Amino acid sequence: MPTLSKMTCVEDFRVLARRRVPRMFYDYADSGSWTEGTYRSNEKDFQQLKFRQRVAVNIEHRSVRSTMLGAEVAMPVAIAPTGLTGMQHADGEILGAKAAERFGIPFTLSTMSICSIEDIAAHTTQPFWFQLYVMRDRDFIGRLIDRAKAARCSALMVTLDLQVLGQRHKDIKNGLSTPPKPTLLNLLNLATKPRWCLSMLGTSHRSFGNIVGHAKGVGDLSSLASWTAEQFDPSLSWDDLEWIKKRWGGKIILKGIMDAQDARRAVDAGADALIVSNHGGRQLDGAPSAISALPQIAQAVGRHIEVLMDGGIRSGQDILKAVALGAHGTLIGRSFLYALGAMGEAGVTRCLQLMANELDVSMAFCGRTRIQDVDRSILLNAGLYD
Ligand SMILES: Cc1cc2nc3c(=O)[nH]c(=O)nc-3n(C[C@H](O)[C@H](O)[C@H](O)COP(=O)(O)O)c2cc1C
């Protein structure tokens, strides 16, 4: 029986999540689009970067505390928005938000979450971030923004890289749809996950909480299927950001930027932060890894806007490398999901502790005592992705 204290890295959580989470939902998290080349390179390209070890520097007093969008954070990490998180673990978004709040980092709720904006607000005291997919039904989007405002969310994260969907082979093969297809294989697989089934029976959160009952014509799971299929909006453009910004009236983060020219547009659009992200390798397969796209973007706009990044972060060392290459902060998607699926809230807390500790100690090995003092010079080959 795995215990928390025996979990020592994200890989431990991944292996356990694979055992505990029904296959279709585990695969949904642990997959990328088409060949999964970009998904793999997100992780692999971190490995190419090498630290410059320093010795005999006084590293007694250290801190990895930082800020993200002006608020203090325990380390430069936020939890990324992930759809269907309440299917990795019952009440997954509530548990993730609680763990993040206790740890002192931001939690982002996805538009496609199972628990709703109001559910998260009811179970937390600190403001969280809300991620917006811009759908064709702009009335619904307007009301969604108003709900995030009413819940006192401290930032609106607008995702720009999902106007069309990258194909994920596993989701099709597993029959992952809304509602999921009750194939014989799926039912047999469910029978091997009694812990998950029991906990799901104990919650009322089993559908898309931000959408069902709020979008016109979506009252149940079957009407949701056709609604989502036609709602992602390929006509989304920079012009739309103007009314979104006006309606929201608070801090805006633009997610999914992979190009320096687009990064400059994000600055012009008046965003407070951008996220260098290829959606965790789930959208344009064949795009470069997020860490390799980071330096150019940070150099182009880092003085004008807070540059964040996500994709492939599985350890404190990965966080350190991203900060060294110009990220003011980072986000974690799968590392969070694996920990949640494996061990719920306690798993997420343990995972954050492990990452923070590795970040702190690795920073010390590089002869730095404050995360703010970390720059390219802690890497031997910092120019690798210039
Ligand atoms: C299962 C899953 C669901 C996701 N759902 C969303 C989403 O609803 N909205 C969004 O903006 N990004 C979504 N993403 C992308 C993440 O926000 C983030 O960019 C990505 O997970 C970072 O890569 P990592 O998983 O390697 O950390 C999702 C990612 C995963 C793995």
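Here are some notes:
- As a calculated quantity, the FRET efficiency between Lys149 and Ala56 at R0 = 56 Å, using C-beta atoms, amounts to about 0.60.
- Alpha carbon centroid spacing (whole Å) that separates region 128-191 from region 14-28: 19
- Each label point was placed 7 Å from the Cα along the Cα-to-Cβ direction; for Cys197 and Ser235 their separation is 4.6 nm.
- Contact order normalised by residue count of region 221-364, Cα under 8 Å, 6+ apart, percent: 18
- Considering only Phe25, Thr67, Asn210, and ranking their Cα positions along the charge dipole of the chain that arises from unit charges at the beta-carbon of Lys, Arg, Asp and Glu, the one farthest toward the positive end is Phe25.
- Shape summary: region 200-304 maps onto an equivalent ellipsoid whose semi-axes, from the alpha-carbon gyration tensor, are 32, 18, 14 Å in decreasing order.
- Of the residues Ala122, Thr228, Val267, the one whose Cα sits farthest towards the positive end of the charge dipole of region 4-385 is Ala122 (charges of +1 on Lys and Arg Cβ, -1 on Asp and Glu Cβ, taken about the Cα centre).
- Selection of trypsin sites (Lys or Arg not before Pro), region 292-380, meeting DSSP coil and at most 13 other Cβ within 10 Å: Arg303
- Positive-pole candidate from Met1, Cys351, Thr111, dipole of the chain, charges at beta carbon: Met1
- Residues of type lysines that Lys245 reaches as a straight line, Cα spacing below 20 Å, ignoring anything fewer than 8 places off in the same chain: Lys149, Lys255
- Relative contact order computed over the chain (Cα-Cα under 8 Å; 6+ residues apart), in percent: 29
- Size descriptors for the chain (Cα atoms only): Rg and Dmax, in that order, 20.0, 66 Å.
- Only helices enter this figure: runs of n ≥ 4 DSSP H residues, each worth -39500 (n - 2.57), summed and divided by the residues of the chain, yield -13000 deg cm²/dmol at 222 nm to the nearest 500.
- Using only side-chain charges placed at the Cβ, +1 for Lys and Arg and -1 for Asp and Glu, the dipole size of the chain relative to its Cα centre rounds to 760 debye.
- Beta bridge orientation in the chain: antiparallel %, DSSP, nearest 5: 15
- Eligible aspartates and glutamates near Lys50 by straight Cα distance, threshold 12 Å, same-chain separation 8 or greater: Asp318
- Report note on the peptides 138-151, 78-91: ranked by the mean count of other C-beta atoms within 10 Å, highest first, their order is 78-91, 138-151.
- The calculated FRET efficiency for the pair Ala346 and Arg18, based on their C-beta separation and a Förster distance of 22 Å, comes to about 0.75.
- Taking packing as the residue-averaged number of other Cβ atoms within 10 angstrom, the listed peptides 278-285, 113-120 run from highest to lowest as 278-285, 113-120.
Every read-out reported here was derived from the displayed coordinates using simple, explicitly stated rules and does not represent laboratory data. This one's a predicted model, so the numbers in the text were calculated from it and none came from an experiment. For neighbour counting, all protein chains shown are included, and Cβ atoms are generated from backbone atoms with ideal geometry for every residue, glycine included.
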